[in-house]
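Everything on this sheet refers to the single structure shown next.
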2 protein chains.
Amino acid sequence: MGQRARFVVALPFLVLAVTTVLAQPPHTDGAHGGGTNGSQWIHQYREPAARLIGEAMGSTFAWQRLSVLTDTIGNRLSGTPALERAIQWAAEEMKRDGLENVHTERVMVPKWVRGSESAEMVEPARHPMVMLGLGDSVATPADGIQADVLTLHNFEELDSKASQVRGKIVLFNVPFTTYGETVRFRSGGPSRAARYGAVAMLIRSVGQEGLRTPHTGALQYAPDAPKIPAAAITTEDADRIQRLADRGSRIVVRLKMEAHFEPDAESANVVGEIRGREKPEEIVVVSGHLDSWDVGAGATDDGGGCVVTWEALRLMKKLNLRPRRTVRVVLWTNEENGGRGGLAYRDQHRAELARHVMMLESDGGVFRPLGFGFTGNETGRQTVRVIATLLTGIAADQINAGGGGADIGPSVTEGHIPAMSLDVDGSKYFLIHHTPADTIDKIDPVEMAKCAAALAVMAYVVADLPQGLGQ
Amino acid sequence: MGQRARFVVALPFLVLAVTTVLAQPPHTDGAHGGGTNGSQWIHQYREPAARLIGEAMGSTFAWQRLSVLTDTIGNRLSGTPALERAIQWAAEEMKRDGLENVHTERVMVPKWVRGSESAEMVEPARHPMVMLGLGDSVATPADGIQADVLTLHNFEELDSKASQVRGKIVLFNVPFTTYGETVRFRSGGPSRAARYGAVAMLIRSVGQEGLRTPHTGALQYAPDAPKIPAAAITTEDADRIQRLADRGSRIVVRLKMEAHFEPDAESANVVGEIRGREKPEEIVVVSGHLDSWDVGAGATDDGGGCVVTWEALRLMKKLNLRPRRTVRVVLWTNEENGGRGGLAYRDQHRAELARHVMMLESDGGVFRPLGFGFTGNETGRQTVRVIATLLTGIAADQINAGGGGADIGPSVTEGHIPAMSLDVDGSKYFLIHHTPADTIDKIDPVEMAKCAAALAVMAYVVADLPQGLGQ
């Protein structure tokens, strides 16, 4: 924090204000201390911001790059050859873009393998079910698990019906409200049910109602509970089971899963930079995660986040805009089932965490951008609010509470670093999240270009600010 | 037609008009000949129509019945035990409803079996594809067909690139516009491509863009072309192949299908009636098809059509409304891949086709009803327009051109019978048509009740009309 405090002084701000904003009326904002009282300093950034936006919006480069990644390489689960190909491809492409200090940083990642899997209703009649095993689940025996289904709606009901659970397949049929509210059943449900003797767990997919669309995602086994296999079924199949249960039918399901772990595999975070012209040792990180689930093409989650944050640097390079500080793009490995990439960065970069001015992660899709989430102090918030005014033309000027991300989390926490995320129109996100339908056709090239534009402007100005963001 | 002409006389119309509509102002409509000059006769039907609508809208009986069919029996491809169970269940339930002359009429149907199937992109990289074999397709060899993909957009392009087709898998990547416009490639594409030496055919699914959703449906092999296996792929996979092709990539796909025919199986149309109180030998048919594809639950296509047309009779029975003529519900077998049910009805009922006053089929879903399609002469059209005014309260009062249906078609054609269909809001239909997502949760119980109400009123009044519909 000491390093950064040097920038929160009035002098550079005043010099810049005087030299670059002579035509502007005097500022009327009250003084809030630090470098963000008044906002004339922003005017110097109008011209580079306009260039970055124009360059981003002048082509569909970002979408085309994502299309190459998702069409040719496809989905990229940790430990797969596809993720390794994506890592090599990204590093080569970054070099081709002219980014600096391009390299990969080795990370050992878990290798979970789905194998063949199926679920079938056996009673009251035989119906195939559409399912996806949950990430990190164990397998069933080779001939499957066949058992009665007990349909539950929350953990309280599980506790109150504890005596009925033994030997059953527990279905948590919890309608999607928010991700935070419903993902608890995916993460914690298997161990909660297993403690009462359940032999397997099913969940209603954590997502909006789709078209017989199952949503995978990681579970988390508790250390003190038996590990039972777990899978997501579609809302349609969950509704059917519920109706049959409500009519008093006995429901029997057979679940077969080959899921298992193989030895940890070598993987990497991919890093590229635009080195700062004055303070290259100070760093602004923008990032997405390159790994994905093993279904769909990993376009929205999170190939798009990788490409648009990487675009911030490509656009600066293309326009020869080199900010005071270093802008670093990191494409994380293993966000989906382990978070090893984010942990490795924290450990490998511990010595320079204090010189990280801001870390941003884009992992909510690259739909129509609304602005940014921000977590940090009030001085920093005021500063990014002012920067965001540069984005009113593309309607991406909101600054909302709650910036952050799973991969930047460990570093942000340890380094007390201001954290941001790209905020977008999320109305379609949980239709396709962790599903076979996460493909690039769901992404509009123009909206994606806007995301890249917004990120480029935010990253450039934060990295160039005479003052810091405040920590 | 001679039989029906007897009812197109003025006397009964005038008597009824005088006795039941004394309070109404004199009609001002011009005389159009036959029984539809003026429309005062309709007023006698306001009270029974209101009772039918009230009874239909007073519960979710129709939706619950469809739910039992689709949850417990599920999908019902011709020749399967599931279809046989559905036939027995429907006949038993019709008897329980108190319908008259309930019976099944034997029909031998083709038995096409999908077996296991898959498609995988092999070059430029290995990606599983989401597919459904087309109904009536032949199999690939056991180890599949692996070949280069030639992407085409219409039959003209096929003809112009004839020399490139031999040994290839042809993909018809035709974006969905209307069903009629795009289903041609599903039906006729395999033989068109096979004549030029294609080894298999893929089509972009005939349907709206979904969530990696494949749409099956029948193909029709030409007698003079080699039979090649054919399957539908998702719009997402078709788009990916197109992008790769546009970038100049060589695309290789491996297709594996076990599809085959087994010997014809015994099946049946299910028939129930409300016998006419004056002219029981004259018949109004309302109908849907009980068979479905072997994916999803056959809810919209066409379990819903079966239940709402059957409801017309159940509601009359419940309210003790017995029209002059017989109302007959027919639940057809084998609409999807053979049409044997409709052909058998024509043959088995040839002697009484001339006494069919009208035939209606509901096979477009049971979404929000708009009204009816009608095919017949102008007198009949005027009459059903007047009847439809009874449905303004539920906004189902449109009479559009083009009533008919695949199953009623043979009888309608041979007997020159006025034909109708239920017209509904079709905006969701081709999202789920022939897909695993054709499940009851897509159907709103209240809209479905409105469909039943509209059908009950139309069927009752047409069957009770002193005059006929005109043929």
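Since every read-out is calculated from the coordinates, none of them should be taken as a lab result. Just so it is clear, the structure is predicted and the values come from calculations on it, not from any experiment. Neighbour counts run over all protein chains shown; Cβ positions are idealised from the backbone, glycine included.
Would you please classify the overall shape of segment B:371-471 from the alpha carbon gyration tensor, given that a ≥ b ≥ c denote the square roots of the eigenvalues, rounded means a/c under 1.5, and beyond that prolate means a/b larger than b/c while oblate covers the rest? Because a/c hits 1.5 or more and a/b fails to exceed b/c, segment B:371-471 counts as oblate. In this simple spin-label model, placing a label point 7 Å from the Cα along the Cα-to-Cβ direction at both B:THR392 and A:ARG96 gives a separation of 6.7 nm. Computed over chain B, relative contact order equals 22 percent, with contacts defined as Cα pairs under 8 Å that lie 6+ residues apart.
The distance separating the Cα centre of segment B:177-224 from that of segment B:80-104 comes to 34 Å. The residue of chain A whose Cβ sits closest to the rotation axis that maps A onto B, together with that distance in whole Å, is A:LEU211, 2. Put in line by how crowded their Cβ is, counting other Cβ atoms within 10 Å and starting with the fewest, A:ASP464, A:ASP224, A:ASP294 read A:ASP224, A:ASP464, A:ASP294.
Alpha carbon centre of segment B:392-421 versus segment B:301-343: separation in Å? For segment B:392-421 versus segment B:301-343, the Cα centre distance is 13 Å. Distances between copies at B:GLY180, taken between label points 7 Å from Cα along the C-beta direction, are 5.3 nm in increasing order. For the protein assembly as shown, the square roots of the Cα gyration tensor eigenvalues, ordered a ≥ b ≥ c, give a/c of at least 1.5 with a/b greater than b/c, which places it in the prolate category.
Between B:THR234, B:THR216, B:SER249, the Cα set farthest toward the positive side of the dipole of segment B:115-258 (charges on each charged residue's Cβ, about the Cα centre) is that of B:SER249. At full extension, B:ASP148 and B:ASP425 could sit 95.6 nm farther apart than now, given 0.36 nm per residue minus the alpha carbon distance. Shape class of segment A:115-258 from the Cα gyration tensor (axes a ≥ b ≥ c, square roots of the eigenvalues): rounded, since a/c falls below 1.5. On the basis of the beta-carbon distance and an R0 of 56 Å, B:ALA406 and A:ALA162 show a calculated FRET efficiency of 0.55. In this model, which of B:LYS317/B:LYS450; A:LYS256/A:LYS442; A:LYS95/A:LYS450; B:LYS428/B:LYS450; B:LYS279/B:LYS450; B:LYS168/B:LYS227 are farther than 22 Å apart at the alpha-carbon? Pairs exceeding 22 Å: A:LYS256/A:LYS442; A:LYS95/A:LYS450; B:LYS279/B:LYS450.
Restricting the calculation to alpha carbons of chain A gives Rg and Dmax of 24.2, 79 angstrom. Relative to the Cα centre, the charge distribution of segment A:115-258, modelled as +1 at Lys and Arg Cβ and -1 at Asp and Glu Cβ, gives a dipole magnitude of about 220 debye.
Dimensions of segment A:314-415 based on its C-alpha atoms, expressed as ranges along the principal axes with the largest first, amount to 39, 29, 29 Å. In nanometres and ascending order, the distances from the A:HIS260 label point to those of the other copies are 3.3 (point 7 Å from Cα along Cα→Cβ).
For the protein assembly as shown, the dipole from Cβ point charges (+1 on Lys and Arg, -1 on Asp and Glu) about the Cα centre works out to 540 debye, to the nearest 20.
With R₀ set to 41 Å, the beta-carbon distance separating A:LYS318 from B:VAL122 gives a calculated FRET efficiency near 0.65.
Partner aspartates and glutamates whose Cα lies under 12 Å from the Cα of A:LYS318, excluding those fewer than 8 positions away in the same chain, are identified as A:GLU55, A:ASP97.
Farthest towards the positive end of the charge dipole of chain B, among the residues B:PRO369, B:ALA454, B:THR333, is the Cα of B:ALA454, using unit charges on the Cβ of Lys, Arg, Asp and Glu. Under 5 Å between amide hydrogens, built in the peptide plane, is the criterion, and for B:LEU77 it picks out B:LEU83, B:SER292 among residues at least 5 positions away or on other chains.
Ordered by the number of other Cβ atoms lying within 10 Å of each residue's own Cβ, fewest first, B:GLU311, A:GLU282, A:GLU273 fall into the sequence A:GLU273, A:GLU282, B:GLU311. Among A:ILE394, A:ILE241, a tally of other beta-carbon atoms within 10 Å of each Cβ gives an order, fewest to most, of A:ILE394, A:ILE241. Using the Cβ-Cβ distance between A:VAL68 and A:THR177 with R0 set to 41 Å, the FRET efficiency from 1/(1 + (r/R0)^6) comes to roughly 0.65.
Computed from point charges on the beta carbon alone (+1 for Lys and Arg, -1 for Asp and Glu), the dipole magnitude for chain A about its Cα centre is near 440 Debye. Distances, shortest first, from the label point of B:PRO124 to those at the same position in the other copies read 5.3 nm; the point lies 7 Å along Cα to C-beta.
Over segment B:115-258, Cα pairs under 8 Å with separation of 6+ residues give a relative contact order of 40 percent.
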